[in-house]
1. What GluC sites (Glu not before Pro) does segment 182-286 have in DSSP loop regions with at most 13 other beta carbons within 10 Å?
2. With runs of 4+ DSSP H residues as the only contributors, calculate the mean residue ellipticity of the chain at 222 nm using -39,500 (n - 2.57) per run, divided by the residue total and rounded to the nearest 500.
3. Mean 1/r over all different Cα pairs, inverted: what Kirkwood radius does segment 236-285 give, in Å?
4. With the cut-off at 21 Å, tell me which of the pairs 29/79; 30/286; 79/343 have Cα atoms farther apart than that.
5. Under 18 Å Cα-Cα from residue 158, which lysines qualify once same-chain neighbours fewer than 8 residues away are excluded?
6. Report, by chain and number, residues whose modeled amide H sits under 5 Å from the one on residue 265, excluding near sequence neighbours (fewer than 5 apart, same chain).
7. Before I look further, what does segment 87-198 give for accessible area per residue, probe 1.4 Å, in whole square angstrom?
8. Mind sorting out which of (i) 38; (ii) 31; (iii) 44 is the real percent of Cα pairs over 34 Å apart computed from the coordinates?
Amino acid sequence: MIKRRAFMSALVACAAAVGLSHGAAAQEKKFFTMDSLPAGSGPGQLSIAFSQVVQKHLPYEIQISIGKPATKSAVDAAKGQVDFFLSATGINHYMQTQSAMFAKVNNAKELNSKLRLIMNYPIGPFHVVVYEESGITSMKDLKGKKVFLGPPAGAATKVAMQFVEGATGLKPGEDFEVMRYDWQSAETAFLDKQMDAYMIPTTLPSPVIQQFALVSNIRLLSIPDDAWDNEVMQKMLEVPGRTPTTIPAGSYENQVNTEDVTTVTGWVGLGVGSHVNDEDVYRMTKAFWENIDEVHQTAPWMKVFKRDTIFTEANLPLHVGAYRYYREIGWAVPDDLVPPEAK
């Protein structure tokens with residue numbers, strides 16, 4: 001009996017030790033939050049790839065949330081209410097100049113000063129999609145139609161409004177109906193053919209666009225050649241992070257275009273609040289680049305993540321943790337991206 005009690009006591013002690021060990025390991029695991037776009041979008045795919053690599057190689061866990069406009073995510077990250085977010089060169093510009101949707105936000109510049117960058121990348125070309133059966137063949141045919149340009153108060157929506165007005169002279173809300181949805185709801189509405197046109201900046205090829213092509217033949221609308229020099233279009237292109245590009249004919253199955261589509265691409269980034277610990281951002285940045293082959297395998301467009309593009313069109317300083325890693329491996333960082341903390 002005594003031996004049995006001694007054995008049971010030892011067993012309980014061992015179990016308690018194991019429990020404490022597991023508890024300590026759990027406590028060592030760090031949790032972070034990230035705002036992004038739906039999984040089918042470029043930012044959504046990048047967020048998933050980044051979090052998967054980080055969680056595979058580090059004792060970190062990243063919870064991704066979607067549905068919030070990128071403008072709101074930037075403000076929340078500045079306030080320390082979210083850790084990682086979809087940064088956008090255009091949004092940063094509006095915050096820095098206290099203009100557009102931030103015109104009445106008195107502390108916009110101060111909020112922007114609390115945002116940092118890990119890397120920049122092209123979000124992909126703006127796609128203006130219609131079903132071939134709609135009879136719409138040009139941008140000007142959007143007059144009187146139901147058109148989705150992006151979520152209300154979103155930065156992409158402002159670009160889309162300038163895009164359409166510059167390409168056609170049509171004024172959103174006057175010459176055509178602007179459909180007000182978030183990204184996911186808009187996808188469903190367009191699939192159900194509750195609207196005539198859907199506009200989104202997305203990767204090429206895009207899973208979002210591919211699902212539309214499975215429903216019916218699609219057409220992508222192009223900016224007319226004679227529209228590039230008008231005042232509205234030029235004003236749109238003056239904002240940092242917007243550059244002309246093309247979508248090749250035949251980029252999608254059931255795409256009826258026989259010629260390349262001229263459009264605009266936008267530049268975004270993986271942003272992080274300055275409140276996030278330097279060492280954690282350093283380790284995450286290192287894990288991402290040391291396992292970049294895993295990232296490239298997740299989607300063909302992910303090959304845009306390479307040394308010579310990650311600072312393109314960037315207008316936020318790097319997080320000091322990311323800066324430390326890039327300096328460590330010998331990558332030249334533009335002077336205007338050096339974090340204030342490192343000067």
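1. Values: sites: 187, 231, 238, 253, 259, 279; in loops: 253, 259.
Passing both the DSSP loop test and the Cβ count: 253, 259.
2. Working: 12 runs with 133 residues, N = 343.
-12000 deg cm²/dmol, from helical runs alone.
3. For segment 236-285, the Kirkwood estimate is 14.5 Å.
4. Working: 29/79 23 Å; 30/286 17 Å; 79/343 23 Å.
Beyond 21 Å: 29/79; 79/343.
5. Straight-line reach from residue 158, under 18 Å: 68, 72, 104, 146, 171, 235.
6. Answer set, sorted by chain and number: 126, 243, 245.
7. Working: 4420 Å² over 112 residues.
Counting only protein heavy atoms, the per-residue value for segment 87-198 is 39 Å².
8. The calculated read-out lines up with (ii).
The values are calculated or read from the model by the stated rules, or taken from the named source; none is laboratory data. Quick caveat: nothing in here was measured; it's all calculated off a predicted structure. Note that each Cβ is placed from the backbone with ideal geometry, even for glycine, and that neighbours are counted across all protein chains shown. Note: areas computed on protein heavy atoms with side chains; ligands, DNA, RNA excluded. Shrake-Rupley method; radii C 1.70, N 1.55, O 1.52, S 1.80 Å.
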